[in-house]
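Q: Quick one: the structure is below, questions incoming.
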Amino acid sequence: MSPFDPTDPRSLARRAEVYALAFHEAGEALADQVRIVEQLRGRAAGLVATAAVTMSIFGGPVAGRGAAGVALYVATAAFVGVCFCVLGLLWPRHLVAATDVGELIAEYAEPHQLPLALVHRELAVHRAAGLVQNRDVIDRMMGLSRVAVVLLSAEIVAWVVNYALTL
């Protein structure tokens, strides 16, 4: 392909479909990222609920007997850790999800209107940058989710061990 010249209508016309496709695909990818964050937050609610139910099922009988072993402290610390991880997952975060329509008009339609192919190109590049920014946020959230699952597992094991030792 010849070098890109944004002022050449033929150059833009040859690339118009690719720019439109890139713009569309980047928008779909941003929507997928928003769905991933929503799913992670939904799972966070399940994690904290499971940790709380585990704490109440195993903690009540152990506390009633006054049997406080190391496993009890490990289980309690793991429960607190799950709660902090869930707090981190539910904390509001800024995600790039859509283009600001006012910015779009101001940048690409006023004071001079750019060709649609060039607008698609610029917005695809903008969305691609948003994908990278969002990926960092999602990676951190997935890390928190993994830590929460490990802590929940540790809590359950600690409660079972504590319960077995106090029988």
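Q: In nm, to one decimal, how far is the Leu90 label point from the Val18 one, both placed 7 Å along Cα→Cβ?
A: With each label placed 7 Å out from Cα toward Cβ, I get 4.7 nm.
Q: If you don't mind, another one. Which residues among the stretch 71-113 fall inside the zone where the amide N is under 19 Å from a point 7 Å beyond the Cα of Ala129, along Cα→Cβ?
A: Hits in the stretch 71-113 for Ala129 at 19 Å: 94-111.
Q: Now for a separate question. Please sort 93-102, 156-165, 36-45 by packing, taking for each peptide the average over its residues of neighbouring beta carbons within 10 angstrom, highest first. Don't skip to the end; give the middle numbers.
A: Numbers: 93-102: 12.4, 156-165: 17.1, 36-45: 14.7.
Listed from highest to lowest mean packing, they are 156-165, 36-45, 93-102.
Q: Please compute, over every Cα-Cα pair in the stretch 73-152, the percentage with a separation greater than 18 angstrom.
A: For the stretch 73-152, the share of Cα pairs beyond 18 Å comes to 59 percent.
Q: Right, next: Could you point to the residue in Ile57, Ala154, Ala124 farthest towards the positive end of the chain's charge dipole, with +1 and -1 charges on the Cβ of Lys/Arg and Asp/Glu respectively?
A: It is Ile57, whose Cα lies furthest towards the positive end.
Q: Roughly how big is the chain's charge dipole about its Cα centre, with Cβ charges of +1 (Lys, Arg) and -1 (Asp, Glu), in debye to the nearest 20? Numbers along the way, then the final one.
A: Details: 13 positive and 15 negative charges, 157 e Å.
Dipole about the Cα centre, nearest 20: 760 debye.
Q: Could you give the length gained on full extension between Asp100 and Arg10, defined as 0.36 nm per residue of separation minus the Cα-Cα distance, in nm? Don't skip to the answer; put the middle values down first.
A: On the way: separation 90, 0.36 × 90 = 32.40 nm, distance 2.92 nm.
Length difference between fully extended and current span is 29.5 nm.
Q: OK, next. Helix by helix, which DSSP H runs in the chain go 18 Å or more along their axis at the Cα atoms and have an average Kyte-Doolittle hydropathy of 0.0 or more?
A: On the way: long enough: 9-65 (83 Å, 0.26); 70-90 (30 Å, 2.44); 116-165 (71 Å, 0.83).
The answer, listed by residue number, is 9-65, 70-90, 116-165.
Q: Can you give the alpha-carbon Rg of the chain over 2.2 N^0.38 Å, where N counts its residues? Present the calculation step by step, with values, prior to reporting the outcome.
A: Numbers: Rg = 25.5 Å, N = 167, 2.2 N^0.38 = 15.4 Å.
In units of the 2.2 N^0.38 Å rule of thumb, it is 1.66.
Read-outs throughout are calculated quantities, based only on the coordinates presented, and are distinct from any laboratory measurement. For clarity, every value in this text was computed on a predicted model and none was experimentally measured. Counting neighbours? That spans all protein chains shown, and the Cβs are built from the backbone with ideal geometry, glycine included.
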